[in-house]
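Here is the structure we will look at.
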């Protein structure tokens with residue numbers, strides 16, 4: 001029953017929803033509408049307000065990890081494949097392949113192209129898969145890119161959409177770092193691009209999002225499938241019963257995301273801190289002769305340490321990785337784990353460090369780089 | 001940093017865990033140790049303190065639904081099967097079969113046996129499956145039974161364990177209603193029975209539990225896989241990344257479950273209310289000439305309405321179900337949905353009603369039962 005003093009049905013509903021009775025009962029498995037609305041607003045804000053998101057196209061899951069797995073279950077059958085421009089996020093090999101039986105086919109990108117994918121490379125990978133009898137169901141990208149931190153140029157998003165349409169396949173864009181940008185390149189969501197296109201079948205376009213990065217709430221386990229395909233939204237909502245977010249956490253987030261002042265300030269300060277740490281970190285590496293890819297988003301520096309590997313090969317890269325871990329006590333991700341075809345690149349997370357850690361980092365890395373010079 | 005005034009590392013840890021910093025960061029995907037310990041204590045309490053649970057054998061998931069699915073993924077390959085004494089919980093056909101590709105083979109039980117399964121029936125089903133080339137990986141039961149509300153007798157648990165050992169297969173016991181008992185039969189967990197056995201390979205025994213029923217917290221999405229098999233615990237913990245519970249909810253539950261006074265009182269009052277509603281509900285049905293199975297646990301009356309079906313068949317049962325829904329506006333589950341082989345049984349949830357609803361129920365059901373008499 002509505003509490004006295006709160007006029008109107010809506011206020012009464014809201015009050016009832018926040019009682020233990022309202023929280024304890026079964027909720028829609030794919031997330032409550034209030035949270036979908038709040039997330040749509042937050043996504044719009046992190047993506048610079050250039051695009052609107054419709055809560056009815058959204059499925060909420062307990063993290064971007066199940067969001068990606070559920071979307072894969074909906075789009076592909078076991079044995080089917082996605083084309084994935086590489087280097088790519090190494091977690092996908094686990095999150096997507098483990099249970100769905102979907103294969104990931106790396107499509108190599110090169111440093112000379114700023115690690116941007118070309119339609120030619122996609123065509124080659126597509127044809128090779130076909131020859132092997134593998135049905136390609138989609139292209140999967142991350143934007144901003146994990147691991148490089150690059151932002152996918154708008155023209156390339158156009159190319160990818162056109163390629164997907166030509167082959168009658170899907171395009172999945174993982175935009176979990178959309179709000180964690182700090183560079184000069186402006187992030188453009190694939191949602192922005194499809195909205196501009198005419199006569200384009202949007203039903204093949206899907207976005208993965210979550211709060212683990214842009215709101216630093218990994219422990220809250222909140223992910224989003226945003227799809228322009230009503231059949232996939234409907235199927236994913238059903239499968240979401242295996243990956244639901246608890247009602248207290250959903251209500252907590254509705255409240256948090258509704259605090260416009262806090263959210264605006266958070267996004268602003270977060271970007272400033274990311275930018276500052278990125279510059280400090282990449283400058284520190286520069287002191288050691290290590291150049292970083294000019295990244296604009298995400299939590300990682302993508303560092304070219306090829307001058308410190310003894311043999312220009314995956315083996316040489318693994319050896320350096322081992323020395324960085326064992327001798328320098330610096331834990332980075334080797335590019336080969338991201339299916340990078342150029343040896344010597346490493347993904348370095350800079351967001352767990354503070355300013356005072358930078359000299360320690362330099363001193364530790366010197367243990368490896370100095371010994372390399374003296375031996376050479 | 002530990003807050004001043006709280007002495008000791010443990011207190012400092014606890015305080016840090018409850019800051020936004022502690023809550024926001026990544027947690028173990030299979031649940032925090034503090035919640036595993038609290039749940040082990042709660043399970044012991046709901047199961048009358050006769051058995052201890054070891055937190056290290058536990059994986060926490062966002063509901064019993066993903067707990068069951070993850071366990072199935074760990075135990076069986078696509079195309080394998082579980083033998084399931086029927087009538088059984090209709091949700092399993094969805095929760096287990098959808099993504100794992102595991103088949104469920106109903107093993108029919110009869111009212112004359114109080115719907116208890118016999119080893120003979122299990123043997124027949126096992127042999128038939130083998131003949132069809134299907135590999136049986138386990139037996140799956142619910143105890144207290146959903147839908148009948150019966151409690152599995154200890155001798156039958158012994159039979160099931162022996163059968164599982166003989167065939168070298170698993171036994172899964174879904175004990176989600178373990179604390180929701182109200183009848184004269186005493187609930188015995190399979191954990192209790194395996195603890196008594198000597199030279200028994202416990203590694204084939206697994207329990208599913210959750211807080212949606214015994215603590216009425218369905219909206220919190222908390223399920224448990226409890227297994228005596230360390231390999232399965234380890235594999236399930238890895239897959240739990242797709243079905244994690246958010247950290248604020250985990251911390252909230254640690255606090256709630258640690259309040260011994262509240263929990264003891266809750267379990268007591270809950271049992272009294274269940275017992276009262278069960279008696280009111282089954283008495284109401286008796287007024288209409290409908291007998292209920294003598295149940296001792298769970299939220300359902302298992303009602304024999306066969307005298308009100310026109311043809312003693314699944315079709316006749318469906319017709320009555322349709323009339324109950326459309327004419328009487330009473331929503332029950334037909335036994336055929338639970339793979340019951342005797343037509344005319346219906347699962348009626350009595351826990352969403354209050355005392356005042358009982359006369360309404362009787363009046364509504366009369367619309368169907370009276371018309372039946374007059375037409376006959």
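Shortest first, residue B:354 label-point distances to identical copies amount to 5.3 nm, with the label point at 7 Å from Cα along Cα→Cβ. Counting only other chain Cβ atoms within 10 Å of each residue's Cβ, the peptide B:245-256 averages 5. Distances between copies of residue B:168, taken at a point 7 Å out from Cα along the Cα→Cβ vector and listed shortest first: 4.8 nm. Compared with the direct C-alpha span, the chain from residue A:202 to residue A:353 gains 50.3 nm at full extension, assuming 0.36 nm per residue.
Residue order for B:208, A:263, B:225, A:20, fewest other beta carbons within 10 angstrom first, comes to A:20, A:263, B:208, B:225.
Taking the DSSP bridge list for chain A and keeping only pairs wholly inside it, about 50 percent are antiparallel.
Is the shape of chain A rounded, prolate or oblate, going by the alpha carbon gyration tensor and its root eigenvalues a ≥ b ≥ c, with a/c under 1.5 for rounded and a/b larger than b/c for prolate? The shape class here is oblate. Per the Cα gyration tensor, the protein assembly as shown maps to an equivalent ellipsoid with semi-axes of 51, 28, 28 Å, ordered largest to smallest. With label points set 7 Å from Cα along Cα→Cβ, the inter-copy distances at residue B:28 are 3.5 nm, sorted shortest first. Which residue, B:117, B:188, B:330, has the most motion in a Gaussian network model of chain B that connects Cα atoms within less than 10 Å? Evaluated over chain B, the most mobile residue of the options is B:330. Panel order for B:333, B:61, A:25, A:249, by other beta carbons found within 10 Å of each beta carbon, from fewest to most: A:25, B:333, A:249, B:61. Once the mean of 1/r is taken over each pair of separate Cα atoms and inverted, region B:266-375 shows a Kirkwood hydrodynamic radius of 14.2 Å. All Cα-Cα separations within region A:98-184 were binned at 10 Å from zero, giving a P(r) of 15, 48, 31, 6, 0, each value a whole percent of the pairs. Gyration tensor analysis over the Cα atoms of region A:278-322 returns equivalent ellipsoid semi-axes of 22, 12, 8 Å (largest first, whole Å). For region B:227-276, the alpha carbon positions stretch 41, 26, 17 Å along the principal axes, listed from largest to smallest. Note on chain B: with a GNM built from Cα contacts shorter than 10 Å, the maximum mean-square fluctuation among B:252, B:285, B:211 falls on B:252. Pairwise Cα distances in region A:324-365 exceed 16 Å for 43 percent of all pairs.
For chain B, find the longest principal axis of its Cα atoms and tell me its angle to the long axis of helix B:119-131, 0 to 90°, nearest 10. For helix B:119-131, the angle is close to 80 degrees. Based on the Kirkwood radius over alpha-carbon pairs, what is the Stokes-Einstein translational diffusion coefficient of region B:128-174 at 10 °C with 1.306 mPa s viscosity, in µm²/s? Once the numbers are plugged in, D ends up at 136 µm²/s. Between A:98, A:345, A:321, where does the largest GNM mean-square fluctuation fall for chain A, given springs only between Cα atoms within less than 10 Å? Maximum fluctuation in the GNM of chain A, among the listed residues, is at A:98. With the convex hull of its Cα atoms as the shape, region A:169-240 has an orientation-averaged projected area of 6.0 nm².
Computed from the C-beta positions of residue B:130 and residue A:268 and an R0 of 41 Å, the FRET efficiency is 0.05 to the nearest 0.05.
The label-point distance for residue A:26 and residue B:291, in a model that sets each label 7 Å from Cα toward Cβ, rounds to 3.1 nm. Output the 0 to 90 degree angle, nearest 10, between the alpha-carbon long axis of helix A:154-167 and the longest principal axis computed from the alpha carbons of chain A. Tilt relative to chain A: about 70 degrees.
The mean count of C-beta atoms from other chains within 10 Å of the C-beta of residues in B:61-71, rounded to a whole number, is 4.
Note on region B:42-170: along the principal axes its Cα atoms extend 43, 35, 27 Å, ordered by decreasing extent. The long axis of helix B:64-75 is offset from the longest Cα principal axis of chain B by roughly 80 degrees.
Quotient of the Cα radius of gyration of region B:76-132 and 2.2 N^0.38 Å, N being its number of residues: 1.18. Across every pair of non-identical alpha carbons in region A:181-337, the mean reciprocal distance, once inverted, gives a Kirkwood radius of 19.5 Å.
Computed from the coordinates by the stated procedures, all read-outs in this text should not be read as laboratory data. Predicted model only: the values in this text are computed from it and were never measured. Using ideal geometry, Cβ is built from the backbone for each residue, glycine included, and neighbour counts are taken over all protein chains shown.
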